[in-house]
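Novice: Got a structure for you, questions after.
Laboratory data are not the source of any read-out in this text; all were calculated from the coordinates shown. What you see is a predicted model, and the numbers here were worked out from it, not measured in a lab. So basically every Cβ, Gly included, is an ideal-geometry build from the backbone, and we count neighbours across all protein chains shown.
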Amino acid sequence: MIKITADSTCDIGEYAESRQIGLLPLNVILGTDCFSDGVDITPQNIFEFVERTDTLPKTSAPNVGTYEEYFNRFVSAGDTVIHINISSKSSSSCGNAKEAAKKFGDKVFVIDSRALSGGQGLLVMKAADFRDEGMGAPEIVDRLNALAPKINTSFVPDRLDYLYKGGRCSRMQMFGANLLKIHPLIQMEDGQLVAGKKYRGSMEKCISNYIDDLAVMYPNYDDSRCFITHSSADKELVEVAKRKAEEKFSFRQTIETVAGSIITSHCGRNTLGLLFIAE
């Protein structure tokens, strides 16, 4: 049998269990305490820690030995593993997983999603689709590698505080953006995050304009599903995104997911993205 697994950063929520997808947690370090993403820490813990300490949590990838142990669990049961990692340019987890996979030959395949959060999740869900259609492991791997560059992974943050604390913008940029209600588009290009267009105004207005722009940028897309992924965003903001996505696109399935602790550690509360696979 084929076992689909992924790093916990894919943020697929309840679909991990319903689609029989295994998740390996990345680590979140709050001070001297280490936690497992999605297991014993929540985004609320992140918000409280940052508020109390004025510093971001540290995050770390599983080491090679941890991946070996994880893969061996399934290989020993007779499964072939296809593991989808967070972008190799965002974490060392992909490199560690590929090193661990060498021990298992053609029983473990590792995919660099070149994405994160819901973008990575889209590739994970596609892997489960292909598995359920009866495809063999080599064909699934080829298809996933072809799809990875086509994933739209983008989001709009409410405030730049977390990006500033993480060294991704200057203090002046942060203060200016927060004062003038500027919300930059953050998107994945070639597997790494870069800043794009700047939106201005309320988050509701910015998210509406952002989705308008996506519809222009991606007139052709895989309509099977999209993810509306957010970091504990206001309910009203999520509803704006859902209505706008329905107006501008024709996805057969719209999945709302809440970003886990790893992603939240880097973007802060009320960040939201509409993610899908382009054609």
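Novice: Using modelled amide H (1.01 Å from N, peptide plane; none on Pro or chain starts), what sits under 5 Å from the amide H of THR153, excluding residues fewer than 5 places away?
Specialist: Those lying under 5 Å, H to H, from THR153 are MET188.
Novice: Here's a follow-up. Mind scanning LYS3/LYS242; LYS58/LYS205; LYS89/LYS248; LYS205/LYS244 and naming the pairs with a C-alpha gap bigger than 22 Å? Mind dumping the intermediate values first?
Specialist: On the way: LYS3/LYS242 32 Å; LYS58/LYS205 32 Å; LYS89/LYS248 31 Å; LYS205/LYS244 11 Å.
Violating the 22 Å limit, Cα to Cα: LYS3/LYS242; LYS58/LYS205; LYS89/LYS248.
Novice: Next question. Between beta-carbons, use under 13 Å as the cut-off and find the net charge around SER261, counting Lys and Arg +1, Asp and Glu -1. Please report the intermediate quantities before stating the final value.
Specialist: Working: positive: LYS58, ARG269; negative: ASP7, ASP11, ASP33, ASP37, ASP40, GLU48.
Around SER261, the surrounding residues sum to -4.
Novice: Next question, about the same structure. From the backbone phi of the range 247-261, what are the Karplus-calculated ³J(HN,Hα) couplings (6.51 cos²θ - 1.76 cosθ + 1.60, θ = phi - 60°) in whole Hz, Gly and Pro given as x?
Specialist: 6, 9, 10, 10, 6, 6, 9, 10, 10, 8, 10, 9, 4, x, 5
Novice: Which of the listed residues, GLY13, MET125, GLY196, is farthest toward the dipole's positive end in the chain, when Lys, Arg count +1 and Asp, Glu count -1 at the beta-carbon?
Specialist: So the residue we want is GLY196.
Novice: Please list, by residue number, every one of the trypsin sites (Lys or Arg not before Pro) in the range 72-132 that is coil in DSSP and has at most 16 other beta-carbon atoms within 10 Å. Provide the component values of the computation, followed by the final result.
Specialist: Working: sites: ARG73, LYS89, LYS98, LYS102, LYS103, LYS107, ARG114, LYS126, ARG131; in loops: LYS89, ARG114.
Of the trypsin sites (Lys or Arg not before Pro), the ones in loops of the range 72-132 whose Cβ has at most 16 other Cβ atoms within 10 Å are LYS89.
Novice: Around LEU185, which amide H atoms from residues at least 5 apart in sequence, or from another chain, sit under 5 Å from its own amide H, with H modelled in the peptide plane?
Specialist: Amide H neighbours of LEU185, under 5 Å, 5+ apart: GLY196, LYS197, LYS198, TYR199.
Novice: R0 = 41 Å: FRET efficiency of LYS242 with ASN145, Cβ-based, nearest 0.05?
Specialist: Values: r = 31 Å, r/R0 = 0.76.
So, using R0 = 41 Å, E works out to roughly 0.85.
Novice: For the range 120-130, take each phi angle, set θ = phi - 60°, evaluate the Karplus expression 6.51 cos²θ - 1.76 cosθ + 1.60, and give the result in whole Hz per residue in order, putting x for glycine and proline.
Specialist: Whole-Hz 3J(HN,Hα) from phi for the range 120-130: 5, x, 4, 5, 5, 5, 4, 4, 5, 4, 4.
Novice: Right, here's the next one. Got a sec to turn the phi values of the range 203-210 into Karplus ³J(HN,Hα) couplings, 6.51 cos²θ - 1.76 cosθ + 1.60 with θ = phi - 60°, whole Hz, x for Gly and Pro?
Specialist: Values, residue by residue: 4, 4, 5, 5, 5, 4, 5, 4 Hz.
Novice: Return the long-range amide H neighbours of HIS83 (sequence gap of 5 or more, or a different chain), with a cut-off of under 5 Å between placed amide H atoms.
Specialist: Those qualifying (amide H under 5 Å, at least 5 residues apart or on another chain) are THR5, PHE109, VAL110, ILE111.
Novice: So how far, in whole Å, is the C-alpha centre of the range 3-25 from the one of the range 42-116?
Specialist: 11
Novice: Around ILE86, what is the net charge, scoring Lys/Arg as +1 and Asp/Glu as -1 over all other residues with Cβ under 15 Å from its Cβ? Could you put the intermediate results ahead of the total?
Specialist: Values: positive: LYS89, LYS98, ARG114; negative: ASP7, ASP11, ASP37, ASP112, ASP190.
Neighbourhood net charge equals -2.
Novice: Pull out the extension gain between ASP129 and ARG252, defined as 0.36 nm times the separation in residues minus the alpha carbon to alpha carbon distance; nm, one decimal.
Specialist: The ASP129-ARG252 span can extend by a further 42.9 nm.
Novice: Once the range 45-145 is represented by equal point scatterers at the alpha-carbon sites, with solvent omitted, what log10 I(q)/I(0) does the Debye formula produce at q = 0.11, 0.16, 0.23 Å⁻¹?
Specialist: One equal scatterer on each Cα of the range 45-145 leads to -0.40, -0.74, -1.23.
Novice: Count the net charge of all other residues whose Cβ sits under 12 Å from the Cβ of MET135, scoring Lys and Arg as +1 and Asp and Glu as -1.
Specialist: Working: positive: LYS126, ARG131, ARG143; negative: ASP129, ASP132, GLU133, GLU139, ASP142.
Here the charged neighbours net out to -2.
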